[in-house]
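Working notes, structure below.
The values are calculated or read from the model by the stated rules, or taken from the named source; none is laboratory data. Just so it is clear, the structure is predicted and the values come from calculations on it, not from any experiment. Cβ sites come from the backbone with ideal geometry, for glycine too, and all protein chains shown count toward neighbours. Just so you know, the surface numbers come from the protein's heavy atoms only, side chains and all, with ligands and any DNA or RNA stripped out. Shrake-Rupley method; radii C 1.70, N 1.55, O 1.52, S 1.80 Å.
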Amino acid sequence: MPSFDEVLKEAGEFGRFQKRVFFLLCQTGITFSSLFASVVFLGQAPDDYWCRIPGAAELSERCGWTLEEERNLTVLPLRLGNWSSSGECERLDISWDTPVTCTSPLTCYGNCSTGNLQLTTCHGNWVYKKPHSSIVSEYDLVCGDAWMLDFSQAILNLGFLVGAFTLGYAADRYGRILIYLLSCLGVGICGIIVAFAPNFTVFLIFRFLQGTFGKGTWMTGYVIVTEIVGSDQRTVGIVIQIFFTLGIMILPGIAYLIPTWQGIQLAISLPNFLFLLYYWVVPESPRWLLTRKKGEKALKIMHNIAKHNGKYLSPHYSQITISNKEVSNPSFLDLVRTPQMRRNTLILMYAWFASALIYQGLVMRLGIVGGNLYLDFFISGAVELPAALLILVTIDRIGRRLPFAISNMVAGIACLITAFLPEDIRWLKMTVATLGRLGITMAFEIVYLVNTELYPTTLRNFGVSLCSSLCDLGGIIAPFLLFRLAAVWLELPLIIFSILAVVCGLLVLLLPETKGISLPETVEDVEQLS
């Protein structure tokens, strides 16, 4: 009986059928990257807000003030009398529960100047010029509660982490396409609930669930594409990363055109319902069917692939070689039980962690530097396109391992140099920082491909999901590490990023080269990789 790779070669390793499935699943990269980075625009700091004095709303209504007049009469005196206070997180410790005039409300406090009036911390009584522009103004995530915005992103990454474990395991046990479709449905439903969440607690709960299902769509779609193409075409996984980058570049345009955070949230969530139509056009992975002793279904799909590719399977292809081993459900012990699997797993887990922490850290660092948010975010996405092109040019010529190591080294060295370049040579500082972003983007994209190629079919989805869960751990840590260390010294995070990247570059040299090698089907196949 022929092996699966022999049948795939006969049916076409990257024909019209695979190209169609590839293009359709690539759209998942756009929606996932929008979810991944959406907090930048959902959580924009409000341009103008202040703390309202108790009773000011009633007084404003009685006097017929506009918001601007109310501010000038109740907040401006605080700023004039207390130069250290902006009126955003503090207010005068008074209330308008006594009769006051509409022209000079503070005169009822006698000759006491506003500089001598007592101040108090503001608690939940803010007024925003644009009240529904972001989740910050929607849920009052300002002043003492500003950290909750970072917490919301950590919750999303925690959802990614849980999704990697649960849905990665489910995809290996119940099938790739089933979990993919259920995940798309979950992302869409949770996204709608997030947009209309009545309070911040509900927002966080369904933001977490959206992250869980979002990770299921991304990882499962990636594995399906990898498993239906031949060994010479597996670099199509890198092209999926280009669609992730396109999502990063499209997101600022969506945010620029849609003025409210609810609109942005719906715009990045609703397209997931369209992916449910894939039920009729994207088949189950035949590789996975073989591992579950479903050879007849796998062969039927292979005949369908051959038909769409204009090929014809020989009549003797009536069966495909199936492993005689009992079908077992994947577990973590399977990833560390044998020497080569253990080495691969530990190195890949560190590579995912370092890549994600450095990547997200460099992206969020743009917010500290300042500038035009929409333009800077678009440019930061455009920088990633050359990374994918460089990988496609090099990876089939010199292999996976060397570009993987060099990209990490370049990122580490660039971060170190950037940290010590003076601010007055801004063009050079930005150029070297961009080089670092390019390097870590390449490393981040290569780890997807290498991780997929280093695990057997029976453990592939679970292995990729488990290792990539360290990526989500890095995403949880990144905002807190960046902002806390930057408070000590603005460039200190770059030193940490540099160390992490260089260590990663050295470790990946210990991984086996997978260029031109068929995807391993069993753990024994992995152990034989040199």
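Values as computed for the structure displayed
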| quantity | calculated |
| --- | --- |
| Residue match in region 514-528 (condition: in a helix (DSSP H, G or I), under 26 Å from G436 (Cβ atoms) and either open to solvent by 20 Å² or more (accessible area, probe 1.4 Å) or in contact (Cβ under 8 Å) with a residue 60 or more places away in the chain (or both)) | no |
| Residue in region 479-489 that is part of a helix (DSSP H, G or I), farther than 24 Å from L156 by Cβ and assigned by the TED database to the domain that holds F332 present | yes |
| Failed criterion for L389 (all others in (1) free of Cβ contacts under 8 Å to residues at least 40 places away in the same chain; (2) hydrophobic (A, V, I, L, M, F, W, C); (3) more than 21 Å from T514 (Cα to Cα) hold) | (3) |
| Sole residue being buried (at least 24 other Cβ atoms within 10 Å of the Cβ) and among the polar types (S, T, N, Q), chosen from Q210, Q233 | Q210 |
| Output for region 330-358, where each listed residue is closer than 23 Å to L435 by Cα and touching a Ser or Thr at 6+ places or on another chain (Cβ under 7 Å) | W352 |
| Qualifying positions in region 1-36 - under 18 Å from V187 (Cβ atoms) and open to solvent by 10 Å² or more (accessible area, probe 1.4 Å) | L24, Q27, I30, T31, F32, F36 |
| Of all residues making up region 445-491, the number that are touching a residue at least 24 places away in the same chain (Cβ under 8 Å), more than 27 Å from T394 (Cβ to Cβ) and of a type in the set (A, V, I, L, M) | 10 |
| Residue within region 59-67 that is modelled with pLDDT of 75 or more, more than 30 Å from P520 (Cα to Cα), open to solvent by 40 Å² or more (accessible area, probe 1.4 Å) and among the acidic types (D, E) present | yes |
| Top-ranked residue in region 379-422 [being among the charged types (D, E, K, R) and over 24 Å from the mean Cα position of the chain (by Cα); ranked as surrounded by the fewest Cβ atoms within 10 Å (Cβ to Cβ)] | R397 |
| Test: residue in region 332-341 that is open to solvent by less than 40 Å² (accessible area, probe 1.4 Å), modelled with pLDDT under 85 and outside the structural domain of A487 (by the TED database) | no |
| Meets criteria (in contact with a helix residue (DSSP H, G or I) (Cβ under 7 Å, 6 or more places away or on another chain), open to solvent by less than 50 Å² (accessible area, probe 1.4 Å) and farther than 30 Å from E70 by Cα) for Y180 | yes |
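Residue-wise test of (1) part of a helix (DSSP H, G or I); (2) modelled with pLDDT of 85 or more; (3) open to solvent by 10 Å² or more (accessible area, probe 1.4 Å); (4) among the acidic types (D, E).
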| residue | (1), (2), (3), (4) |
| --- | --- |
| D424 | no, no, yes, yes |
| I446 | yes, yes, no, no |
| F462 | yes, no, yes, no |
| S465 | yes, no, no, no |
| L470 | yes, yes, yes, no |
